[in-house]
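The values are calculated or read from the model by the stated rules, or taken from the named source; none is laboratory data. This one's a predicted model, so the numbers in the text were calculated from it and none came from an experiment. Positions of Cβ are backbone-derived with ideal geometry, glycine not excepted, and every protein chain shown enters the neighbour counts. Just the protein is used for accessible areas: all its heavy atoms, side chains included, with ligands, DNA and RNA removed. Shrake-Rupley method; radii C 1.70, N 1.55, O 1.52, S 1.80 Å.
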Amino acid sequence: MSSILIPATTRGGFAERDRLLYYLDFEMLYIHIPYCHHKCTYCGFYSVAGSRDREAYVEAVCRELSMRRTTKPLRTVYFGGGTPSLLSLQQLERIVDAIRAYFDTSKLEEVTIEANPENLTAPYLEGLARMHFFDRLSIGIQSFSDNELRMLNRVHTAKQAMEAVHNAAVAGFDNISVDLIMGLPGQTERGWQANLDTLASLSDVAAVKHLSCYELTVEEGSLLERQLAMGRLKMPDETVVEREYGLLYAWCETNGFEQYEVSNFCRPGFRSRHNSRYWNRTPYIGIGASAHSFDGTIRRWNIADAVRYTSGAATGDIPFESEVLSERDAYNEYVMTALRTVEGIEKKMVPEPWRERLVLAAKPYIANGLLTEDEERYKPTRSGLLHADGIAAAMFVL
Ligand code: SF4
């Protein structure tokens, strides 16, 4: 993949700069809030511990919003992190006001904010609801076991996780997504089942419309990686994880959740519209340190440094890097993301010269039951979803 660095002061071509900064044709907006209380053991994301400079960062986000306004109506907005719920209600409201001031929000279909349970007190949630902006809450619960939460170095307790869902439902949030992590060191199938059972037993489970279950991965440079290297923790056997997936699928069937992506499940009609658009390669714009934007061909990302981002925004010159995707890169990315969803690969999205190649590459996977084919698409089966990355690699154009 080609990658070009366009430093703030020497970017090539005014026309390109204009397109990247101002004229991106998009309907999805992502706001990145990089702050976290502290680092979780498994975390490989860009995040900043501590509360310093949050005010200036919020100012910088509002400033970038003013620089990247567009007239195309927004369909989805997503506040992610980091931990967006570490911002005060006033700080969030300033960002919301800026979005309303600089963008057309009349056609919004979904506005999500990620939040951690320890922040979701009743007054905080009431304040969020009063903004009449967020209609979907994604709660980073990860586990309902205090032992597992301690091992992951999460801030909250199991009790706080349960209270967060209750408080959110009482405040009127009826489209809640819960994040859980499976395949934890030391986790048994019984332990995983207990997590699922706790979720099902919540008095406000009806408000939980979406479940994201990620298998724990070892990120480079994470504390988890060091703990494993020192032998303090041990990842579970692959067979345990496979059985945990089986328990998850059974839970989803019993509780009326459908799988629509490798790690994402929902009640009918409650797929994440924002993430589904990512997977369809809809153009999006990302605001904030390390946030990515994409117009179908060019991907650009702000520098992953909140201090430099903030000072850049103050002078109207936020450092960013970008890459221009070749047709082959764009195709390979499409195959990779499409095969992770139940919708699979749409044949008409495949450029003519590579269609024959795709037909040949798909054959063995259709034969062994990992893919199905109809007039329009190649779709992964449930087992196919578990092998999506491998199937995609076999279909790449090199
Ligand atoms: S809350 Fe999320 S982003 Fe922050 S350290 Fe933990 S895993 Fe990373």
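Which longest run of the chain has no exposed loop site in it, a site being trypsin sites (Lys or Arg not before Pro) in a DSSP loop with at most 12 other beta carbons within 10 Å, and the site itself not part of the run? If you can, show how the numbers build up before the last one.
On the way: sites that count: 52, 107, 232, 234.
Here the longest run is 235-398.
Say we join alpha carbon atoms closer than 10 Å with springs in a Gaussian network model of the chain; which of 71, 157, 315 then has the biggest fluctuation?
Ranking 71, 157, 315 by mean-square fluctuation puts 315 first.
Roughly speaking, to the nearest percent, how much of region 14-279's 1.4 Å accessible area is carbon and sulfur?
Values: 5750 of 11440 Å².
Roughly 50 percent of what the probe reaches on region 14-279 is carbon or sulfur.
Between residue 375 and residue 397, what's the calculated FRET efficiency when r is the beta-carbon distance and R0 is 25 Å? Round to 0.05.
0.65
Tell me, what HN-Hα J-couplings in whole Hz come from the Karplus equation 6.51 cos²θ - 1.76 cosθ + 1.60 at θ = phi - 60° for each residue of region 77-88, using x for Gly and Pro?
Going residue by residue, I get 10, 9, 9, x, x, x, 9, x, 6, 7, 6, 6 Hz, with x marking Gly and Pro.
Take the chain, connect every pair of alpha-carbon atoms lying under 10 Å apart with a spring to form a Gaussian network, then pick out the residue of 280, 167, 368 with the largest mean-square fluctuation.
368
So what's the gap between the Cα centers of region 328-357 and region 141-175, to the nearest angstrom?
38 Å
Would you list the P(r) distribution for region 83-177, with all Cα-Cα distances sorted into 5 Å bins from 0 and each bin expressed as a whole %?
The calculated distribution, bin by bin, is 2, 13, 24, 23, 17, 11, 6, 3, 1, 0.
Exactly which GluC sites (Glu not before Pro) in region 24-109 are in a DSSP loop and have at most 15 other Cβ atoms within 10 Å?
109
Taking amide H positions as placed 1.01 Å from N in the peptide plane, with prolines and chain starts having none, which residues 5 or more places from residue 258, or on another chain, fall under 5 Å of its amide H?
Under 5 Å from the amide H of residue 258 lie the amide H atoms of 266, 267, each far enough along the sequence or on another chain.
Over region 14-279, what relative contact order in percent results from Cα pairs under 8 Å that are six or more residues apart? Walk me through the numbers on the way to the answer.
Working: 440 pairs, mean separation 45.6, N = 266.
It rounds to 17 percent for region 14-279.
Past the 30 Å Cα-Cα mark, which pairs from 209/379; 72/363; 39/379; 72/347; 209/234?
The answer is 72/363; 39/379; 209/234.
Given the rule -39500 (n - 2.57) for each run of at least 4 DSSP H residues, summed and divided by the residues of the chain, what is its mean residue ellipticity at 222 nm, to the nearest 500 deg cm²/dmol?
That calculation yields -11500 deg cm²/dmol at 222 nm.
Express in nm, to one decimal, how much length is gained between residue 357 and residue 100 on full extension, taking 0.36 nm for each residue of separation and deducting their alpha carbon distance.
That pair, residue 357 and residue 100, stretches by 87.9 nm at full extension.
If you build a Gaussian network model of the chain, linking Cα atoms that sit under 10 Å apart, which residue out of 217, 198, 239 swings the most?
Most flexible of the set in this elastic network: 239.
On a full-extension model of 0.36 nm per residue, what is the gain between residue 89 and residue 228, subtracting their alpha-carbon distance, rounded to one decimal in nm? It would help to have the intermediate numbers written out before the result.
Details: separation 139, 0.36 × 139 = 50.04 nm, distance 3.86 nm.
Taking 0.36 nm per residue and subtracting the Cα distance, the gain is 46.2 nm.
May I ask you to list the GluC sites (Glu not before Pro) in region 142-237 that are in a DSSP loop and have at most 16 other Cβ atoms within 10 Å of their Cβ?
When the GluC sites (Glu not before Pro) of region 142-237 are filtered for loop state and at most 16 Cβ neighbours within 10 Å, 219, 220 remain.
Quick one: in region 326-398, what % of C-alpha pairs are over 13 Å apart?
Tail of P(r) above 13 Å: 59 percent of Cα pairs.
Once you keep just the Cα pairs under 8 angstrom separated by 6 or more residues, what percentage relative contact order results for region 326-398?
Relative contact order here is 43 percent.
May I ask you to give the solvent-accessible area per residue for the chain, in square angstrom, as obtained with a 1.4 angstrom probe?
I get 45 Å² per residue for the chain.
Can you give me the orientation-averaged projected area of the convex hull built on the Cα atoms of the chain, in nm²?
20.0 nm²
With a sphere of radius 12 Å drawn around the Cβ of residue 238, what net charge do the other residues whose Cβ falls strictly inside it have (Lys, Arg +1; Asp, Glu -1)?
-3
Evaluate the charge dipole of region 326-398 about its Cα centre and quote only its size in Debye, nearest 20, assuming +1 on the Cβ of each Lys and Arg and -1 on the Cβ of each Asp and Glu.
Charge dipole of region 326-398: 200 debye, to the nearest 20.
Which value, in debye to the nearest 20, gives the size of the charge dipole of the chain about its Cα centre, when Lys and Arg are +1 and Asp and Glu are -1 at the Cβ?
Details: 43 positive and 53 negative charges, 98 e Å.
Using Cβ point charges on Lys, Arg, Asp and Glu, the chain gives about 480 debye.
If I take R0 = 35 Å and measure r between the Cβ atoms of residue 109 and residue 308 in this structure, what FRET efficiency does the formula 1/(1 + (r/R0)^6) give, to the nearest 0.05?
Efficiency, rounded to the nearest 0.05: 0.55.
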